[in-house]
1. Which residue, B:Ala26, B:Ala186, B:Ala244, tops the fluctuation ranking in a GNM of chain B built on C-alpha contacts under 10 Å?
2. Tell me the angle of helix A:188-205 to the major Cα principal axis of chain A, expressed in degrees between 0 and 90 and rounded to the nearest ten.
3. Against the longest principal axis of chain A, how steep is helix A:459-476, in degrees 0 to 90 to the nearest 10, with axes from Cα atoms?
4. Which lysines, if any, have their Cα less than 20 Å from the Cα of A:Lys108, not counting same-chain residues under 8 positions apart?
5. In whole Å, how far is the Cα centre of region A:566-612 from that of region B:80-132?
6. For region A:15-127, state the average projected area of the convex hull of the C-alpha atoms over all orientations, rounded to one decimal in nm².
7. Compute the FRET efficiency between B:Leu43 and B:Thr19 as 1/(1 + (r/R0)^6), taking r as their Cβ-Cβ distance and R0 = 30 Å, and round to the nearest 0.05.
8. Whole Å is fine, so just give me how far the alpha carbon centre of region A:1-52 lies from that of region A:100-173.
Amino acid sequence: MTELVKVENLRVIARSDSGRETPIVRDISFAVPRGKVVALIGESGSGKTTIALSLMGYARSGCRIAGGSIRIGGRDILSLSASEKAKVRGRNVSYIAQSAAAAFNPAKTIMSQVIESAMIHRLTSRAEAEAKAVELFRALALPDPEGVGARYPHQVSGGQLQRLAAAMALISEPELVIFDEPTTALDVTTQIEVLRSFKSVIRDRNTTGVYVSHDLAVVAQIADHIIVLRDGAIQESAATEQILTDARNPYTRSLLAAANPTAPAQAAPLAADAGEPPLLEVEALVAGYGAAGSDGLPAVTVLNDVGFTLRPGTNLGVIGESGCGKSTLARVIAGLLPPAGGTVKFRGETLAGSAAERTKEQLRSIQIVFQMADTALNPTRPVDQILGRPLTFYHGVKGAERTRRVRRLLDLVQLPAHIADRYPGELSGGQKQRVNLARALAAEPALILCDEVTSALDTVVAAAILDLLAELRRELKLSYVFISHDLSTVRTICDDVMVLYAGRKVEAGSRAAMRSAPLHPYSDLLVSSIPELRTGWLDGLGKTGGEMGLGSAAVLARADRCPFFSRCPSRIESLCDTQMPPVRRLAKGTDILCHQSEAELIRLQADLRATAAAPLDRSLPGESRQ
Amino acid sequence: MNNTMSRLIAARLGVMLLTLLIVSLAVFVATEMLPGDVAEIVLGQSATPEAVAGLREAMNLDRPAPVRYLLWLGGLLTGDPGVSLVNNIPVATLIGGRLGNSLLLAGVTAAFSVPIALTLGITAAMWRGRLYDRIVSFVTICVVSVPEFMVATLAVMIFAVQLRWLPALSFANDVQSLGELLRVFAMPVISLSFVISAQMIRMTRAAVIDTLQSPYVEMAVLKGAGQTRAVLAHALPNAIGPIANAVALSLSYLLGGVIIVETIFNYPGIAKLMVDGVATRDMPLIQTCAMIFCFSYLVLVTTADICAIVSNPRLRHK
C-alpha cells in the first residue's frame, strides 16, 4: 500500500488579538494511501479544517503551522517557498470548500472559475480545459452541462454550485482532493444527490481524498478510514466499518450516540380537556414579501393556504427544506410579518396581524427563539440584562427580585449563576442558545416558536438542547411549534408533524402516523434522504426525486399544478401538472395534498423500496436499531 | 442592460432630480433669511425711501416669496439665473468663466490624484501589515491631519519664494502651452491632491481588504493564484462599488470646498466668487453658486451609485 500523504507531528498555533498563542492542532500524524478517502471527523473547534488546509501549506490569518512535516507524493509541503506552494495548490492538491456559494466569486462566470486552476498552472489550452469542464459537469450529473458554465454563481442552486466546486477541484486532475464539509450547507434531499455524484466521480477517477465533516452518517458513505478529532488531537483512527460498529474511544461513542437520536422519555401529550379551546389555530394563512398586487397577494407568496390546530400542551413540528416557508410561518404567528390572508387565533381570540397591535398579554404568551443565538443576543449587554429586560417589561419585576428570577431562569436552562455577568461573546454556542431560550422563558409564555434552534449547533450540544426542551415542557407545561429542516429532530420531540413544500402544507398528522406508509411523495423523499449510520446505505438507495432543476423556482408559485410535480417520482402526467391536488385523508390519519390514491401510493412506495434493496422499514431510522 | 437595472438606474436619477428640487427650495429659503435689504445696501445709507421702493420693485423684491421662488426656478431651468444685484452683470456671465476655471482645476486634480490614490490603496491592501502598507497608512494619516492652508502656504514658501521654480499666483487665463499649464497648476493641484487622496487611499484599502477576506479569494489562492491575480481578478471587481463611492465623495470636495486653495493661489474659481457674493449680499449669485455645487455633488454621488449598480453581477445578469 503506497502512501500519498504522510503527516507527522503536525502542530498549528492560533494567535489571538491580544497576542496569546493557543495550539489548535496538537501533534497530529496520519497517512492517506493512494486511491483511498480518509475522513477527519469532529465538532467545531476540533481542528479538522485547519488540518485539511495545512495539507496545502495554507493557514488562515491568525494561525501558523508551528511544526511537523507534511509529505504529499514525496514533496515536503511545509518546506516549500510561497511560490512553490502556489504551484502545488490547485495542481497537485485541490480543495472543495464548505460553502460553494461563498467560494465562487460572484463577479465572474462559473466556467472561468472552474478552469482557472488549469489556466494558472498552464495545463492545457482554454478550449481544451472548457471541453474537459463540460465533461466533468456531465459526470457530476449537472443539468445543462454545456450551458451552465456561462452562468454566474447566483444563477444556479446551492446543490449545483457544490457540484461545480467539485468540477473546479477535479479539472487539474490533482493527486489529492480535500473535501471540506461539502454537503453541510445543503438540504438533505439535495445532499443525497451531491453525495451520489461525488461518490461516482471518486470511484471512477480513483481519487485520493481527505473528507472533512462533522456528520458520521455522511462520512460512512464515502470514507474508507475515519479519524476522530477533538480539540486538535486524534481520539481514534480506524477503518470506517470498525468505527461504526466497534468504536473504542468514549468520545467516538458519544458522537455515534448523538448522531442517532432516540426519543427522550416522551410524556404522552398532556391530556387535553375536550372542552378546552385549542391553544393556537391557524387557518388558510397566506403570507409573503413585497407590495401587495391587485389580487391582494404579495409580490412573492411564501405561504399559501396553510392551516393547523395546536392543542394545549402538545408540540407541532414543522419541517421542509430551505425556502419552503417554515420560518415565515413562525414570523407570521409571532406578529413580525402581517399575513396577506387567513387568521391566527390564540386561545380562541383572533390575533392582530402585526405585533404592534397585539395586547401585552398576547405578546407575552407567544415567544420566539431564533436559530442564530449569535445575532439574536445583543453583544453589548451582559446576560442578566438580556434576561432582566423581559422580566421588567412583562412582569414589572425590579431590583433583588429581578436578580433572583434571572438566577432561576439560568437554573431552568441548566446554566451556572455566574453566567449572569458574562457577555454573549464570552459564551459557547450551546450556552448562547440556552440564554436565548431563557430569554423566551422569562416572559412565562404558553407557546414557544423554536426556529431551527439546534441547526447551528454541534450534534452533541444539539442533543442536550433537545433534552432540555423536553424537560422544560414537562415542568412548565409549554407548547412548542418546532421548526426544523431535520426530520429526525422533529420526530424526537413533537406530537404532530406538518410537512411544508414550496409554501404549501403537503402532509400533516401525528408523529406515529408519520412513521407508517404511505407518505406524501415529498415526505417519503425526506425520510429516505436522511443518511443512515452504516456503510453502503447510499449505494443501496434507489432513485430519489433529486433536487430542483434549473429555473423551476418560477413554477412553484403557480396555482394550477402540484408544487412538487417536477420532482415527484409518483406524479401523474397531465393531471398533477394541470390541477392543484386535493387534500386527501389517509387511513392512518394524516392529511396529504396529492392526486394519487392511497392504494396507489402504497404500491409505488413499496416499489421504490424494492428497487433500493433496502429494508422496508427504512422509513424509521433510529427506531429500527433500538 | 436588463429591466431591473434600468429601473434601478432610473429610480436613482429620479431621486437625484427630486433632491435637486428640495435643495433649490432650501437654498432659496436660506438666502431669504439672510438679514439686510439688498436695495438699501445697493443704494447706500443716504437713499430716499422712494428710491429704495423703486429699486425693490425693479428687482421684484416686493412680490411674495413663493412667486419669486418660481420665477427664479424657471430662470434656472431656462439657463437664466438672473442678474447680479450688485453690479448688474448677468449671473451667467459672472459665473461662466469662473466655472470653467474651477472645472479645469478639478479635472486636472482628479486626473492626477485618482490613479495615484487607487494604486496606493490597492497595493497597500495587497501587502497589508508589511512595511509598505504601514508607511502608506502613516503618511496618509499625516496628510489628512495637516490643514490644506498649511500645505498650500508651505508650498508657496518653498517652491515660489525660496526656490522660485513655480509662480506663486495661478492665472489660468495666460496658459499657452502644456508646460506652462503644468507650472501654473502644479501647486494648487498638489495641495488639493493631498487633501482628497488621503480619504480615497484609506477607503480603497479598506474596501479591497474587505473583499480579500472573502472565501472566494481564499479559494482562488487555494487554486494556486498568486497575489496579483487574487487581488486584480478576484477582489477588485467586487470592490468597485465602495471604491466608486469613496472617489465620488472625495472629488465632490473639489468644487465647493476649495476656497482656501483658491484664495491662497489667488485662483479665479467659483468658490471665491460665491464668498464674494455673500459679502455683498448678491442673492442671485449666491443661489446659483449653491445650486452648481449641489448639482455637481449629486452628479458625482449618483454616478458612484450607478457604478455600484452596474458592477453588481446579481443585477447585471438576472
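1. Taking springs between Cα atoms under 10 Å, the residue moving most is B:Ala26.
2. 10
3. On a 0 to 90 degree scale, this one is about 10.
4. The qualifying lysines are A:Lys132, B:Lys223, B:Lys318.
5. Each part's Cα centre sits 70 Å from the other's.
6. On the way: hull surface 37.7 nm².
About 9.4 nm², averaged over all directions.
7. Numbers: r = 38 Å, r/R0 = 1.25.
The formula returns an efficiency of 0.20 here.
8. Taking the Cα centre of each part, region A:1-52 and region A:100-173 sit 28 Å apart.
Every read-out reported here was derived from the displayed coordinates using simple, explicitly stated rules and does not represent laboratory data. Here the structure is a predicted model, which means the values were calculated and not measured. A quick note on method: Cβ atoms are made from the backbone with ideal geometry, for glycine too, and the neighbour counts reach across all protein chains shown.
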